[in-house]
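Since the structure comes first, as structure tokens, the remarks are kept for the end.
The values are calculated or read from the model by the stated rules, or taken from the named source; none is laboratory data. Given the structure is predicted, the values throughout are model-derived calculations rather than measurements. Here the Cβ positions follow ideal geometry from the backbone for every residue, glycine too, while neighbour counts run over all protein chains shown. Accessible surface is based on the protein model in full, side chains and every heavy atom, while ligands, DNA and RNA are left aside. Shrake-Rupley method; radii C 1.70, N 1.55, O 1.52, S 1.80 Å.
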Amino acid sequence: MAIWFTDYSDLDLNQGYVGLDKHLEIEFLELGEDYLRAKMPVNENTKQPMGLLHGGASCVLAESVASFAAFLCIDPKLKTVVGLNLYASHLKSAKSGFVFGKAKPKHIGKSTSVWEVEITNVPEPRVRGDVGARAGPITLHAGAARRRHPGQVHLSRPPAGVPSVVRLCL
């Protein structure tokens with residue numbers, strides 16, 4: 001059984017392609033039963049001065065794929081999703097080509113979800129050595145959104161006892 005709020009089989013995953021995701025050319029590839037996959041090029045927009053993939057770009061990929069996946073699990077008329085904290089460990093470098101991020105849930109609750117994102121330099125890792133970075137767990141808060149002014153969204157605070165932290169380990 002799929003984890004998604006509704007049947008998104010006909011969804012154009014790259015519709016509404018804006019902001020940092022657009023600038024870094026992040027492309028969402030596949031929505032599986034319990035995961036979302038995306039790719040990002042290793043190019044002049046995503047490299048650091050030494051010619052390697054910038055750690056911040058890896059974090060953006062992980063945050064984007066986990067946040068989008070969490071968003072697809074909630075009723076967008078009632079809630080929205082925000083990331084709260086990011087922690088990253090980079091295990092392998094990339095100099096060219098693409099990196100691929102795959103977000104899978106560790107826990108999906110009423111107001112918080114925890115996601116693990118694995119970033120590799122191959123479309124589907126076949127052996128343990130293919131993994132370049134690991135992101136997990138990522139905790140996302142799904143808060144009810146209220147409008148204060150036209151176009152402005154304010155998120156409610158997490159309920160008592162719910163950690164307001166997103167942890168992302170790359």
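General observations
- None of D21, D34 is open to solvent by less than 40 Å² (accessible area, probe 1.4 Å), closer than 25 Å to V122 by Cα and not in a strand (DSSP E or B) except D21.
- Every residue from segment 84-108 that is surrounded by fewer than 17 Cβ atoms within 10 Å (Cβ to Cβ) and either more than 17 Å from the chain's Cα centre (by Cα) or at positive phi (or both): L91, K92, S93, K95, S96, G97
- Within segment 70-83, the residues that satisfy the criterion of being surrounded by fewer than 17 Cβ atoms within 10 Å (Cβ to Cβ) and in a loop (DSSP other than H, G, I, E, B) are D75, P76, K77, L78.
- Test: S113 is in contact with a Pro (Cβ under 8 Å, 6 or more places away or on another chain) and over 22 Å from E27 (Cα atoms): yes
- Residues of segment 1-18 classified as open to solvent by less than 50 Å² (accessible area, probe 1.4 Å) and closer than 21 Å to V99 by Cα, total: 2
So that you can scan it fast, the table gives a plain yes or no per residue for (1) open to solvent by less than 40 Å² (accessible area, probe 1.4 Å); (2) under 9 Å from the mean Cα position of the chain (by Cα):
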site: K47; (1), (2): no, no
site: L53; (1), (2): yes, no
site: A62; (1), (2): yes, yes
site: F68; (1), (2): no, yes
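- Taken together, the criteria place S67 among residues that are outside any loop (DSSP other than H, G, I, E, B), over 11 Å from I119 (Cα atoms) and modelled with pLDDT under 95.
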